[in-house]
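Here's the structure we're looking at; comments come further down.
What follows draws every value from the coordinates through simple rules; no lab data is involved. Please read all numbers here as calculations on a predicted model, not as lab measurements. Cβ placement follows ideal geometry from the backbone for every residue including glycine, while neighbour counts extend to all protein chains displayed.
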Amino acid sequence: MTLDKRHWRIESRLAQIGSLEEPVTGAVSYPIYQATAFRHPKLGQSTGFDYSRTKNPTRKVLEDAIAELESGDAGFACSSGMAALQTIFALFGQGDHLLVSLDLYGGTYRLLERIMSRFGVTATYVDTNDLDALEAQAKPNTKAILIETPTNPLMMITDLKKVCGWARRKGMLSIVDNTLLTPFFQRPIELGADIVIHSATKYLGGHNDVLAGLIVTKGKELSEQMAFLHNSIGAVLNPQDSWLLMRGMKTLAIRMERHQYNATKIAEHLLAHPAVEAVYYPALPTHPGHEIQNMQSSGNTGIFSFRMKDARYIEPILRHIRLIAFAESLGGVESLMTYPAVQTHADIPEEIRRQVGVDDRLLRYSVGIEHAEDLIADLDRAIAAAQAEIEGV
Ligand SMILES: *Cc1c(COP(=O)(O)O)cnc(C)c1O
């Protein structure tokens, strides 16, 4: 019996990742094939697996799953999100130019400015939702646009249908970093993107315990090109972590729903807090990207940023939070809070950071799946303790 999984809703497809792929024993958890080499039946024949850098059975189940979840044609699992980005950037070379989201993940900025620049690839950082700005910055040698939506930490939203359509008319590839929403909430390829990239370290893994990156491509030629680069560069995900990532992805639907529920509750609470100046979260009707976000995604991520009225609150807040950990990263079941200006975004020059609003009063909160009231109590207590220290009340 062959099952056509495409008839299943995404919750069912997620929960069943790998569970139908092992025909010999019927194992519902797909085995870890800890092997680098595969025996050939005879000269000129292969089981389909030769050497694990090129293809590994455990990794392949993961790669097929993400390709299907993102409505793409091929998936590629890499050793980290940065490895995935490096593999994608290897599509470009001397003289090529990229348009890139202004409020960008710091590591991606560093990879472009400090490494890709040495290979003659240049980038211009622009508000990717502003077609006039894109038109003004596009050059004859612009090969692609790299979009984060929402951006991190300021949660700026790009209308993917509009911008991917524009890029296609210009002959550029559209690359979308879908880390923050995951295919559970947003599927960029369905909106016109050519390539989707994930730091699977975040929501897809979901437990702050596996470092991984995923690429999905649309179209035969691009998929073949990416397969060549993935194998040639070799920054591939190992079988153990491929399994761990699939294990995490099985619960993606319920985790994302809870992340969204908690984040919305806490963002609303902070919006009304007298010590807080602003809250950046697309689920809030006051957010400038709210409508586009609702149009192109079925839900909201579990991270948001907020700006305190006084920079002096930041240090004591980070010292007083208990349930929420002061730590980098995002997207796991445990709540983490970070200070972008000195951590995740430290590699972005101050001038660009200020331009987009990543200043010394901004905190980013990756809301976990703990009880929302416990998280609110932890935040309120930390803010009150910070105020007491600063104002001596
Ligand atoms: C974390 C992150 C990356 C980098 O991924 P790693 O898995 O840490 O290498 C890229 N893009 C975004 C949006 C991220 O949050």
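Annotations for the structure displayed:
- Cα-Cα over 22 Å, subset of 162/220; 161/265; 143/220; 5/218; 60/220; 60/143: 162/220; 161/265; 60/143
- Counted charge near residue 301, where neighbours are those whose Cβ lies closer than 13 Å (Asp, Glu -1; Lys, Arg +1): +1
- Placing +1 on each Lys and Arg Cβ and -1 on each Asp and Glu Cβ, with no other charges, gives the chain a dipole about its Cα centre of roughly 1100 debye.
- Looking at the chain alone, DSSP beta bridges between its own residues are antiparallel in about 55 percent of cases.
- Size descriptor for region 252-391, Kirkwood hydrodynamic radius: 15.3 Å (Cα pairs only, one decimal).
- Descending Cα extents along the principal axes, the chain, whole Å: 81, 52, 35
- Selection from 284, 126, 375, by position along the positive dipole direction of the chain (Cβ): 126
- The length gained on full extension between residue 5 and residue 45, counted as 0.36 nm times the residue separation minus their Cα-Cα distance, comes to 11.4 nm.
- 15 Å beta-carbon shell around residue 257, net charge (K/R +1, D/E -1): +3
- Ranking 92, 273, 25 by how far each Cα lies toward the positive end of the dipole of the chain (charges on Cβ) leaves 25 at the top.
- Nearby lysines by direct alpha-carbon distance to residue 139 (threshold 17 angstrom, same-chain neighbours under 8 apart not counted): 170
- Check: region 206-342 dipole with +1 on Lys, Arg Cβ and -1 on Asp, Glu Cβ, in debye: 240 debye
- Among beta bridges that DSSP assigns inside region 252-391, antiparallel share in %, nearest 5: 85 percent
- Top of 251, 36, 158 by mean-square fluctuation, Gaussian network on the chain, Cα under 10 Å: 36
- Backbone HN-Hα couplings from phi across region 115-130 [Karplus 6.51/-1.76/1.60, Hz, Gly and Pro as x]: 10, 4, 4, 5, 9, x, 9, 10, 9, 10, 9, 8, 5, 6, 8, 9
- Radius 15 Å from Cβ of residue 272, net charge of other residues (Lys, Arg +1; Asp, Glu -1): 0
- Karplus-derived 3J(HN,Hα), 6.51/-1.76/1.60, for each residue of region 22-34, Hz, glycine and proline x: 10, x, 6, 9, x, 3, 7, 9, 5, x, 8, 8, 7
- Ranked by the mean number of other Cβ atoms within 10 Å per residue, highest first, peptides 44-50, 151-157, 287-293 order as 151-157, 287-293, 44-50.
- Computed FRET value (nearest 0.05) for residue 350 with residue 240, which takes r as the C-beta separation and R₀ as 45 Å: 0.65
- In this rough spin-label picture, where each label sits 7 Å from Cα along the Cβ direction, the residue 390-residue 312 distance is 0.8 nm.
- When the chain is treated as a GNM with alpha-carbon contacts under 10 Å, the residue of 221, 63, 113 showing the greatest mean-square fluctuation is 221.
- When the Gaussian network model of the chain links Cα atoms closer than 10 Å, the mean-square fluctuations of 85, 20, 69 top out at 20.
- Computed E for residue 170/residue 291 - FRET, C-beta separation, R0 35 angstrom, nearest 0.05: 0.85
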